[in-house]
Amino acid sequence: MKRLLPPFALMLCAQAYASDAPTAAPATTSVSTAAPATDLAPAASRTPLGDFSLRTLDGKKARLSDARGKVVLVSFWATWCQPCKQELPFLDALAKKYADKGLVVWAINTDGPKTLADVRRVLSTRGLTLPVLLDDDGAVAGRLNPRVAMPLSIYVDRAGRRALEHEGYAPGDEAAIEQRLVALLAEAAPTP
């Protein structure tokens, strides 16, 4: 299935064809601004994200409902999106740092099945090990990211509810991202 991107999505990733090599201080065209953890929706007003299942890059199935009781950060990304590729190493580090506290980070790739070699290359050149889910047909992105914002992060609380959506990434966003996750990890787990 061929997907066309709206012009604003292309603008968000204007440096899409820049080098894949990681750099110390990469430039970005993100519209993101750092914000404190207080921008999370109050728990009482959060709505369920809705279950989905995708195949991982290593062939396993990942289902959101299987992560219930954990905080999940869902990040939509593409190999052509430079800010996405800049954010991935930080997300990988967070996944490792907070795994024992109940954090799951899923990087959902939206490129399609013909670009698996590119996806693997992005991960290997950066030494990344976080789970990459493949949205080959665009069904999950169509439901959760219909505007095709790249990157788009969805913060999901332990009850499977959407706590926040954040579009874009720029160097300097790391503190706000981590604050949000720490705040969600501090919340009580849902009762069965």
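Under the rule a/c < 1.5 gives rounded, and otherwise a/b versus b/c splits prolate from oblate, where does segment 97-157 land using the Cα gyration tensor?
oblate
Report, ordered by chain and residue number, the lysines lying within cross-link reach of LYS101, taken as a straight Cα distance under 22 Å and ignoring same-chain residues fewer than 8 apart.
LYS70
Specify, per residue and in Å³, the volume enclosed by the convex hull of the alpha carbon atoms belonging to segment 81-192.
Values: hull volume 12.6 nm³, N = 112.
Roughly 113 Å³ of hull volume per residue.
Only the coordinates and a few stated rules stand behind these numbers; no lab work does. Since we're looking at a predicted model, the values are computed, not measured.
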